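Data block below; observations after.
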């Protein structure tokens, strides 16, 4: 029986960035369809709480996708409990904000590390057991992989890289019976978007987009569509469906006429960023609150390590 015909019942699925947002909602929907989700998040408390809210069929593991050892440990934990791994969804991601002239290099690099290296680490670690099951790999990209907003160069570059990696891996792994999909989302109501809305530059950026591109879907609806994608072993998962149209039109999205409103908004975006830089500092102006706190923790831990 094919994976699509069998649905998700009994399937063991690793989900990164599963403590909240799309990851948690997707894991909850997988479990509702009979799957056994393994929730990985850099925040151990969030991962545990999300797993407990799902029930005994879910398990939580803590880890940073930027560390290959953490991804390998998550896969090992899934195998120890279930003896198999059928699918992996590399969903963990962050965003950074700022113009080239002033964006914090640490924030820019961290976005690339989580969103690109983290996807590689997750799917590389998961591949051996997934290949044994002739299973499925999925990675979260974005509409930003082909529609590149100003002040979000790291995010756009990282999501374009995710799309490119998945396209290459889909071809590589076809002969091994492994499906590879990439998920392209527009605005989904998640903590990442909610934190972005606290930043006035983010609001100005979204206001510059056409009305259709400002609409949001709920994380629960996103979770249902992602579960459908896993069941179908889809090459592409669109959130919502009209993002497919943007993908088809991608050669036109960065013609000068299509960029007109964003070009008008760019000076406002830079001014807002610089005001935040003066008031809150580089990292606070570049990151949302959760990632800002994590960045400060990494700075403190680095200082403690150097003193030790």
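Considering each of 132, 77 in turn, give the residue that is under 17 Å from residue 233 (Cα atoms) and at pLDDT 95 or above. Please lay out each step first, then the result.
Working: 77 fails: under 17 Å from residue 233 (Cα atoms).
One residue alone meets the criteria, 132.
So which of 144, 107, 126 ends up being part of a helix (DSSP H, G or I) and free of Cβ contacts under 8 Å to residues at least 24 places away in the same chain? Walk me through how you get there before you give the answer.
Values: 107 fails: free of Cβ contacts under 8 Å to residues at least 24 places away in the same chain; 126 fails: free of Cβ contacts under 8 Å to residues at least 24 places away in the same chain.
From the options 144, 107, 126, the qualifying one is 144.
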How many of the residues making up the range 20-61 are more than 22 Å from residue 94 (Cβ to Cβ) and touching a strand residue (DSSP E or B) at 6+ places or on another chain (Cβ under 6 Å)? 7
Is it fair to say residue 274 is more than 26 Å from the chain's Cα centre (by Cα) and surrounded by 14 or more Cβ atoms within 10 Å (Cβ to Cβ)? yes
Can you name the residue in the range 170-194 that is under 19 Å from residue 114 (Cα atoms) and in a helix (DSSP H, G or I) and, of all such residues, is modelled with the highest pLDDT? 191
Return yes or no: is residue 161 assigned to a helix (DSSP H, G or I), crowded, with 22+ Cβ neighbours inside 10 Å and touching a helix residue (DSSP H, G or I) at 6+ places or on another chain (Cβ under 9 Å)? no
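Could we say that residue 57 is farther than 19 Å from residue 121 by Cα and touching a residue at least 24 places away in the same chain (Cβ under 8 Å) here? So that I can check it myself, show each step before the final result.
Values: farther than 19 Å from residue 121 by Cα: yes; touching a residue at least 24 places away in the same chain (Cβ under 8 Å): yes.
Yes.
So, restricting to helices (runs of 4 or more DSSP H) that lie completely within the range 196-268, which ones have at least 1 residues that are at pLDDT 90 or above and loosely packed, with under 12 Cβ neighbours inside 10 Å? Give the steps one after another, and end with the answer.
Working: elements: 200-207, 219-232, 243-248.
Once the helices (runs of 4 or more DSSP H) in the range 196-268 are filtered for at least 1 residues that are at pLDDT 90 or above and loosely packed, with under 12 Cβ neighbours inside 10 Å, what remains is 243-248.
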Output yes when any residue across the range 283-297 is over 21 Å from the mean Cα position of the chain (by Cα), farther than 14 Å from residue 98 by Cβ and at pLDDT below 90, and no when none is. yes
Flag if residue 139 is modelled with pLDDT of 95 or more and outside any helix (DSSP H, G or I): yes
Close pairs from the range 215-231: first over 13 Å from residue 33 (Cα atoms), partner assigned to a loop (DSSP other than H, G, I, E, B), Cβ under 6 Å, at least 6 apart: 217/240; 219/190
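The values are calculated or read from the model by the stated rules, or taken from the named source; none is laboratory data. Worth saying up front: this structure is predicted, and the values here are computed from it rather than measured. When we count neighbours, we look across all protein chains shown, and the Cβ atoms used for this are built from the backbone with ideal geometry, even at glycine.
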